[in-house]
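Following: one structure in structure tokens, then a few remarks.
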Amino acid sequence: MLKNKTIFSIILSSAVILASGNYALAESIENLPNISDNTLAIGRNLFKLDNVDNSVYNLNTFVEASKTVDENNGIYYKYNGRWFTGKDIESFSNLKKGTPLDSIPNDILEINGEDSDKYKLNNFSFDWYQDGDYSHDSDGDNESIEQFAVNFNQQINGSKGTLKIIVPDNTKKDPYGADKLGEITVNLDGSSKPKAFSNIEGGEPVTCFMVKSNGNIDKLYLELTEDWTRILNTEKTGINYYDSRVKGLKLAAENLEDPDGNKIVNSDGSTEISAKHTIQLAKDTQKPQVVLQKPIYTYIGENGFQPAGNTRVVFNEPTQIFTQDMADSLDKNSSNLPGIVSYNPLTPSQQQLKEYKYGLPLFSAEYYKIDKNGNNIMDEEGNPIIIKGEYGLMGDILGSNNSSTDNGDKIAFRINDIPFKYDFDPQNDGITRFRDFGSFLVKPESTLTEGTWKLVIKNMTDESGNIMDDYVSDPIEVKPYFTIEELTKDHIKVHFTDPFTKNTVFGNRVIVLVYKDDKMLGFTYLENLQEGQTEAEADFKTPLEDTNLKGAYNINNLEYTIPETQSSDSTDTEQ
């Protein structure tokens, strides 16, 4: 049948066929890529047909129409690699014993209704790999089973065409065709809808969350919107993602276009092209691990009211984080996992959905105050001094030696600074937060006080359901950025705890914010600071909104109490 239509559902009038002979600038069939079998040439038009067998083969309508067609623009059908015409294509039996032609004389104007120039052969190719497994070692370590990086050897139109992850059934005769377990379809224009596998009973619908740039692209990332156990309904079917039965995931692309709108075709002329590699998913039993910890702010008051203790951590593989805020959102909206939370899919397994209320364990982070021996310091009631931490979103990891213009070097991570070596492709120039390798920010609910702390992180899981061992950070030393020497309505003077060094967020200046209770009274900048400077002072932009400076003030998370003598002097002055 014609694509999406049966052969005998199309009636071509002689007028249509004769009209096709009036076109100019047609493409010689020798200049086109090899034309695939089941292709019908009618005049100057090629039609690519679906698989044709005896039950649907009926070209009589076309044969009758060919009587009105120019001798050099007749009707031809390609079968078993050769062209046939005339009575040979009147029936399937005639075709099987017909006399093949060496070639056909037609100059082809259109293929499936499109300019044949769009179908010229090119050297296009593409490949894919499990994110974190560019070498395709299939050992199940430090790699994703749900995220895939796709690389094209040339720019393509980023919104044209379709990708399909074909999941085979290697126990059957036609593992990638009629007998395949199913396929995951991703439309590059973003219109994909989840669909269940055709040969899996009770499997959950799935598509891919896609990350790509706008416009023309040469790479993109795909992430499944469901867990493999739910896609394959493992509990009922007994099929695991790592079984030999499903090994060899195939990625096929259809109807891609280059930036100029030309169809991208392979050597047989079809617009379906396969990636160079198939993917052999291996069983993943490795727990996710923190491979780098970096405290961002260790001085209280260094950057306004940013809490001291903000810490970024990086993992060896993609992880799934599920926070209390996410749980509250699910409750509020009466929804459940799996789903896309923020920007990445959360995909609990069948087993996890049984074990946890929401399908995933709740992320936990706590800061413990410790002594010089690493032991917990207790409060007056004998309990550890703890400040709760919270998930503060993710950050990108820059490419090697890339400059950072948004947040400064203090916040930035570069991939060459991470001691762990990821198995990425040469095109990779960093890690976007969308890939779940990104740096996770953990921040205390309130600033850490002066002293030594440790951060304990629990309950992060990878895509296979492996839960991390509790992570205990290296000691985090916290101290005040400065002490306040003097505070008046118009002026502030400070002494830096350590000699000033250039602040990568504000450069050679420091912001100062003054609060009393929850009210902001004013702000200023300590400006034009020099390396090694120990003291600084500045006037407020406008006088502080407090007619009588008295009591305690919060200045950049540092508590400062007005001296009694200053309060008395201020009161006397007011009187």
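Being surrounded by fewer than 20 Cβ atoms within 10 Å (Cβ to Cβ), among the basic types (Lys, Arg) and touching a strand residue (DSSP E or B) at 6+ places or on another chain (Cβ under 8 Å) is the filter here, so list the residues in segment 259-313 that pass it.
Residues satisfying the conditions are Lys276, Lys287, Lys294.
Filter segment 364-402 for residues that are in a loop (DSSP other than H, G, I, E, B) and more than 34 Å from the chain's Cα centre (by Cα) and give the result.
In the first step, residues of segment 364-402 are kept if they are in a loop (DSSP other than H, G, I, E, B); the result is 371-375, 377, 379-383, 385, 396, 399-402.
Within segment 364-402, Asp371, Lys372, Asn373, Gly374, Asn375, Ile377, Asp379, Glu380, Glu381, Gly382, Asn383, Ile385 meet the criteria.
Quick one: which residue in Glu545, Glu537 is of a type in the set (Asp, Glu), part of a strand (DSSP E or B) and not assigned by TED's automatic domain parsing to the domain that holds Ala308?
Numbers: Glu545 fails: part of a strand (DSSP E or B).
Just a single option satisfies the conditions, and that option is Glu537.
Could you say whether any residue in segment 149-164 is touching a Phe, Trp or Tyr at 6+ places or on another chain (Cβ under 9 Å), within 24 Å of Phe437 (Cα to Cα), buried (at least 16 other Cβ atoms within 10 Å of the Cβ) and of a type in the set (Gly, Ala, Ser)?
Yes, the conditions are met somewhere in segment 149-164.
On the given criteria, is Pro345 under 18 Å from Thr229 (Cβ atoms), buried (at least 18 other Cβ atoms within 10 Å of the Cβ) and of a type outside the set (A, V, I, L, M)? Even if it seems obvious, please write down each step before you answer.
Numbers: under 18 Å from Thr229 (Cβ atoms): yes; buried (at least 18 other Cβ atoms within 10 Å of the Cβ): yes; of a type outside the set (A, V, I, L, M): yes.
In short, yes.
Identify, from the list Gly158, Gly140, Gly81, the residue that is out of contact with any helix residue (DSSP H, G or I) (no Cβ under 8 Å at 6 or more places or on another chain) and without any contact (Cβ under 8 Å) to a residue 60 or more places away in the chain. Before the answer, list the steps.
Working: Gly158 fails: without any contact (Cβ under 8 Å) to a residue 60 or more places away in the chain; Gly140 fails: without any contact (Cβ under 8 Å) to a residue 60 or more places away in the chain.
So the residue among Gly158, Gly140, Gly81 that is out of contact with any helix residue (DSSP H, G or I) (no Cβ under 8 Å at 6 or more places or on another chain) and without any contact (Cβ under 8 Å) to a residue 60 or more places away in the chain is Gly81.
Per-residue answers, yes or no, for (1) in contact with a Gly (Cβ under 7 Å, 6 or more places away or on another chain); (2) within 20 Å of Thr323 (Cβ to Cβ):
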| site | (1), (2) |
| --- | --- |
| Asn376 | no, no |
| Glu380 | no, no |
| Ile385 | no, no |
| Ile418 | no, no |
| Asp429 | yes, no |
| Phe437 | no, yes |
| Leu441 | yes, yes |
| Thr447 | yes, no |
| Lys458 | no, yes |
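If Leu441 satisfies all but one of (1) exposed (fewer than 15 other Cβ atoms within 10 Å of the Cβ); (2) of a type outside the set (Val, Ile, Thr); (3) under 30 Å from Ile377 (Cα atoms), what's the number of the condition it fails?
Against the list (1) exposed (fewer than 15 other Cβ atoms within 10 Å of the Cβ); (2) of a type outside the set (Val, Ile, Thr); (3) under 30 Å from Ile377 (Cα atoms), Leu441 comes up short only on (1).
Looking only at segment 421-452, count how many residues are β-branched (Val, Ile, Thr), assigned to a loop (DSSP other than H, G, I, E, B) and more than 14 Å from the chain's Cα centre (by Cα). Before the answer, list the steps.
Step one: of segment 421-452, the residues β-branched (Val, Ile, Thr) are 431-432, 442, 447, 449, 452.
From the residues that got through so far, the ones that are assigned to a loop (DSSP other than H, G, I, E, B) too are 432, 447, 449.
With the extra rule that they be more than 14 Å from the chain's Cα centre (by Cα), the set shrinks to 447, 449.
Counting residues in segment 421-452 that are β-branched (Val, Ile, Thr), assigned to a loop (DSSP other than H, G, I, E, B) and more than 14 Å from the chain's Cα centre (by Cα) gives 2.
Do you know which of the residues in segment 548-575 that are β-branched (Val, Ile, Thr) and farther than 25 Å from Gly304 by Cβ is modelled with the highest pLDDT? So that I can check it myself, show each step before the final result.
As a first pass, look at segment 548-575 and keep what is β-branched (Val, Ile, Thr): 555, 561-562, 565, 571, 573.
Imposing the further condition that a residue be farther than 25 Å from Gly304 by Cβ reduces the set to 565, 571, 573.
Numbers: Thr565: 74, Thr571: 46, Thr573: 47.
By that ranking, first place goes to Thr565.
Restricting the search to segment 282-336, which residues are within 26 Å of the chain's Cα centre (by Cα), part of a loop (DSSP other than H, G, I, E, B) and among the acidic types (Asp, Glu)?
Matches in segment 282-336: Asp284, Glu317.
Results for (1) among the charged types (D, E, K, R); (2) farther than 25 Å from Ser364 by Cβ; (3) at pLDDT below 95; (4) not assigned by TED's automatic domain parsing to the domain that holds Asp137, shown as yes or no for each residue.
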residue: Gly392; (1), (2), (3), (4): no, no, yes, yes
residue: Ser403; (1), (2), (3), (4): no, yes, yes, yes
residue: Asp429; (1), (2), (3), (4): yes, yes, yes, yes
residue: Thr432; (1), (2), (3), (4): no, yes, yes, yes
residue: Phe437; (1), (2), (3), (4): no, no, yes, yes
residue: Phe440; (1), (2), (3), (4): no, no, yes, yes
residue: Ser464; (1), (2), (3), (4): no, no, yes, yes
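Is segment 486-495 home to any residue that is under 33 Å from the mean Cα position of the chain (by Cα) and at negative phi? Step through it out loud before you land on a result.
Applying the first criterion (under 33 Å from the mean Cα position of the chain (by Cα)) to segment 486-495 yields none.
No, segment 486-495 has no match at all.
Yes or no: Asp498 of a type in the set (Asp, Glu), out of contact with any strand residue (DSSP E or B) (no Cβ under 7 Å at 6 or more places or on another chain) and either modelled with pLDDT of 95 or more or under 25 Å from Leu448 (Cβ atoms) (or both)? Walk me through how you get there before you give the answer.
On the way: of a type in the set (Asp, Glu): yes; out of contact with any strand residue (DSSP E or B) (no Cβ under 7 Å at 6 or more places or on another chain): yes; either modelled with pLDDT of 95 or more or under 25 Å from Leu448 (Cβ atoms) (or both): yes.
When the stated conditions are applied, Asp498 passes them.
Return yes when Gln350 is within 21 Å of Thr207 (Cβ to Cβ), polar (S, T, N, Q) and crowded, with 22+ Cβ neighbours inside 10 Å and no when it is not.
Numbers: within 21 Å of Thr207 (Cβ to Cβ): yes; polar (S, T, N, Q): yes; crowded, with 22+ Cβ neighbours inside 10 Å: no.
Here the answer is no, as Gln350 does not meet what is asked.
When residues of segment 236-258 are filtered for being acidic (Asp, Glu) and crowded, with 17+ Cβ neighbours inside 10 Å, how many remain? Before the answer, list the steps.
Filtering segment 236-258 for residues acidic (Asp, Glu) gives 243, 254, 257-258.
When the remaining residues are screened for being crowded, with 17+ Cβ neighbours inside 10 Å, the result is 257-258.
The number of residues fulfilling the criteria is 2.
In this structure, does Ile279 turn out to be under 23 Å from the mean Cα position of the chain (by Cα) and farther than 29 Å from Arg245 by Cβ?
Working: under 23 Å from the mean Cα position of the chain (by Cα): yes; farther than 29 Å from Arg245 by Cβ: no.
Here the answer is no, as Ile279 does not meet what is asked.
The values are calculated or read from the model by the stated rules, or taken from the named source; none is laboratory data. Note that this is a predicted model, so its numbers are computed, not measured. No Cβ is skipped: glycine too gets one built from the backbone with ideal geometry, and neighbour counts run over all protein chains shown.
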